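Colleague: Pasting a structure here, questions to come.
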Amino acid sequence: RLPKSVGHPCVFWHPARKVKTLVHGDDYVSAGSRESMEWLETELEKAYEIKTQKISMDKGGKREGKVLNRILRCDSVGWQIEADPRHAELIVEQLGLKDDKGIGTPGPTTSAEEDDLEDDVPLVGADITSYRAVIARCNYMGSDRPDCLFAIKEGCREMSAPTTGSLRRLRRIGRYLKSHPRLVWMYDMQPEQSTITVRTDADWAGCRRTRKSTSGGTISIGSHCIKAWSKTQAVIAKSSAESELYGVVRGACEALGMKTLCKDLGKDVDISLELDATAAKG
């Protein structure tokens, strides 16, 4: 009988056989030695009819497979994870951008490039439904595409009442995906780590309409980035120090969740918080 996970009921750890397992509906992915994987497969086949694929660095082993349509690869250097490339293709197709030129950034780089808010007109009818469908696909893809997270987050904020400006900004995301359809997370082999590093920042009053700030950050294990986020703060910060404080508190909460996940997978880790705001540290 395996010990229960504390914070993640779909995560399992076998302390004797050193097997880590994540369950998602009727799909699961496990990591461990070849002997442990063969044992797990045998045990599952006693109760279920299953299909399995095995990816391994072993000589003669399969080097590429899919996990929830994400592409997983390995070689002598390490591991790679790539988002399902079909999502970027569908976004470009649904926005009618197949013949458009790509662009270098998913969102405006300066305030001068932003649309004049006074010129925005609410979308109506099928345009609203179309906007929501495409930005929802972007949102699903966002966890695999940290380069687009901020622009996608801003688009999702306008989902309830999209305007012509919302659509122009969404099309910019599509044009960026046209020129940058793929993003591969690289995980080269490294020594075992005992600390997760959380880096946070905040964009004070970055939203021109509401003057709300955005909290952003990443979580890394050694040189491996494993999570990124971009979230609009709930309240209007009165100073950059206040917005940075909200950002680092958000980062600390994310870190505690990741620490719990690591514990559920059989690894105790410490947390290191990094930020560049002296006032927020105080």
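The values are calculated or read from the model by the stated rules, or taken from the named source; none is laboratory data. These numbers were taken from a predicted model, which means no experiment stands behind them. Neighbour counts run over all protein chains shown; Cβ positions are idealised from the backbone, glycine included. SASA here: full protein model, heavy atoms, side chains in, ligands and nucleic acids out. Shrake-Rupley method; radii C 1.70, N 1.55, O 1.52, S 1.80 Å.
Colleague: With the contact rule set at Cα under 8 Å and sequence spacing of 6 or more, what percent relative contact order holds for the range 211-251?
Modeller: Relative contact order comes out at 44 percent.
Colleague: Now, a different point. Say a site is exposed when it is one of the GluC sites (Glu not before Pro), sits in a DSSP loop, and has at most 15 other Cβ atoms within 10 Å; what is then the longest site-free stretch of the chain?
Modeller: 193-282
Colleague: Separate question: If R₀ is 45 angstrom, what is the calculated FRET efficiency for the pair residue 47 and residue 278, using the beta carbon separation as r and rounding to 0.05?
Modeller: That pair, residue 47 with residue 278, gives E of 0.20.
Colleague: Quick one: which of 66/101; 20/259; 18/62; 20/46 span more than 27 angstrom between C-alpha atoms?
Modeller: From the list (66/101; 20/259; 18/62; 20/46), the Cα-Cα distance tops 27 Å for 66/101.
Colleague: Can you bin every Cα-Cα distance in the range 117-193 into 10 Å intervals starting at zero and give me the percent of pairs per bin, rounded to whole numbers?
Modeller: 17, 44, 22, 9, 5, 2
Colleague: Bin all alpha-carbon pair distances of the range 219-282 at 5 Å intervals from 0 and give each bin's fraction as a whole percent.
Modeller: Histogram of Cα-Cα distances, whole percents per bin: 4, 15, 24, 22, 16, 11, 6, 2, 0.
Colleague: For the range 55-210, with all protein chains present and a 1.4 Å probe, just round the carbon and sulfur fraction of the accessible area to a whole percent.
Modeller: Solvent-exposed carbon and sulfur of the range 55-210 make up 53 percent of the total.
Colleague: Taking the dipole about the Cα centre of the chain, with the C-beta of Lys and Arg at +1 and of Asp and Glu at -1, give me whichever of 243, 81, 92 is farthest to the positive side.
Modeller: Projecting each Cα onto the dipole axis, the largest value belongs to 81.
Colleague: Each residue of the range 75-82 in order: what ³J(HN,Hα) in whole Hz does its phi give by Karplus 6.51 cos²θ - 1.76 cosθ + 1.60, θ = phi - 60°, with x for Gly and Pro?
Modeller: 8, 5, 8, x, 10, 9, 10, 10
Colleague: Which of 67, 249, 121 moves the most in a Gaussian network model of the chain with Cα springs under 10 Å?
Modeller: Among 67, 249, 121, the largest GNM mean-square fluctuation belongs to 121.
Colleague: Right, another one. Of the listed values (i) 192; (ii) 174; (iii) 211, grab the one calculated as volume of the Cα convex hull per residue in Å³ from the structure here.
Modeller: So the calculated entry is the one marked (ii).
Colleague: Please turn the phi angles of the range 145-156 into ³J(HN,Hα) values with the Karplus equation 6.51 cos²θ - 1.76 cosθ + 1.60 (θ = phi - 60°), one per residue in order, whole Hz, x for glycine and proline.
Modeller: Each residue of the range 145-156 in turn: 10, x, 5, 10, 4, 5, 5, 5, 4, 5, x, 5 Hz.
Colleague: Between 46, 20, 259, where does the largest GNM mean-square fluctuation fall for the chain, given springs only between Cα atoms within less than 10 Å?
Modeller: 46
Colleague: Right, here's the next one. When the Kirkwood radius is taken over all Cα pairs of the range 35-165, what Stokes-Einstein diffusion coefficient follows at 10 °C and 1.306 mPa s, in µm²/s? Don't skip to the end; give the middle numbers.
Modeller: Numbers: Rh = 18.5 Å.
The Stokes-Einstein estimate is 86 µm²/s.
Colleague: Pull up all non-local amide H partners of residue 19: gap of 5 or more, or a different chain, and H-to-H distance under 5 Å with H placed in the peptide plane.
Modeller: 14
Colleague: List every residue whose amide H lies under 5 Å from the amide H of residue 226, counting only residues 5 or more places away in sequence or on a different chain, with H placed 1.01 Å from N in the peptide plane.
Modeller: 219, 220, 221
Colleague: Under 5 Å between amide H atoms, partner at least 5 residues away or on a different chain: which partners does residue 212 have, H built in plane at 1.01 Å?
Modeller: Those qualifying (amide H under 5 Å, at least 5 residues apart or on another chain) are 207.
Colleague: Let me ask another. Dipole of the chain (Lys/Arg Cβ +1, Asp/Glu Cβ -1, origin at the Cα centre): which of 174, 272, 22 lies farthest to the positive side?
Modeller: Selected residue: 22.
Colleague: Using the Cα centre of the chain as origin and beta-carbon charges of +1 (Lys, Arg) and -1 (Asp, Glu), tell me which of 122, 220, 68 is placed farthest towards the positive end of the dipole.
Modeller: Projecting each Cα onto the dipole axis, the largest value belongs to 68.
Colleague: Please give the residues of the range 191-229, grouped as numeric ranges, whose backbone N is less than 15 Å from a label point set 7 Å along the Cα-to-Cβ vector of residue 105.
Modeller: Under cut-off, by backbone N: 203, 206-208.
Colleague: Here's a follow-up. Send over a whole-number figure in Å² for the accessible area per residue of the range 115-257, probe 1.4 Å.
Modeller: On the way: 7170 Å² over 143 residues.
For the range 115-257, the solvent-accessible area averages 50 Å² per residue.
Colleague: By average Cβ neighbour count within 10 Å, what is the ranking of 142-148, 168-174 from highest down?
Modeller: 168-174, 142-148
Colleague: Label-point separation (nm) for residue 89 and residue 69, each offset 7 Å from Cα along Cα-to-Cβ?
Modeller: Spacing of the two 7 Å Cα→Cβ label points: 1.1 nm.
Colleague: Can you give the three extents of the C-alpha atoms in the range 98-236 along their principal axes, from longest to shortest, in whole Å?
Modeller: Computed over the range 98-236, the largest-to-smallest principal extents equal 54, 40, 27 Å.
Colleague: Over all directions, how big on average is the projection of the convex hull of the alpha-carbon atoms in the range 1-63, in square nanometres? Numbers along the way, then the final one.
Modeller: Details: hull surface 20.1 nm².
Mean projected area of the Cα convex hull: 5.0 nm².
Colleague: Using alpha-carbon pairs under 8 Å, 6+ residues apart, how would you state the relative contact order of the chain in percent?
Modeller: The normalised contact order for the chain reaches 17 percent.
Colleague: Something else now. Tell me what the chain gives for mean residue ellipticity at 222 nm when only DSSP H runs of n ≥ 4 count, each as -39,500 (n - 2.57), the sum divided by the residue total, rounded to 500 deg cm²/dmol. Mind dumping the intermediate values first?
Modeller: Working: 7 runs with 93 residues, N = 282.
About -10500 deg cm²/dmol.
Colleague: Spelling out what I want: for every residue of the range 119-134, take phi, set θ = phi - 60°, compute 6.51 cos²θ - 1.76 cosθ + 1.60 (Karplus), and round to whole Hz; glycine and proline get x.
Modeller: 8, 6, 10, x, 6, 9, x, 5, 5, 5, 4, 5, 4, 5, 5, 6
Colleague: Further, regarding this structure: Given points 7 Å out from each Cα along the Cα-Cβ axis, report the residue 62 to residue 132 separation in nanometres with one decimal.
Modeller: Calculated label separation equals 3.9 nm.
Colleague: Label residue 260 and residue 77 with points 7 Å out from Cα along Cα→Cβ: what is the distance between them in nm?
Modeller: Those two pseudo-labels are separated by 3.6 nm.
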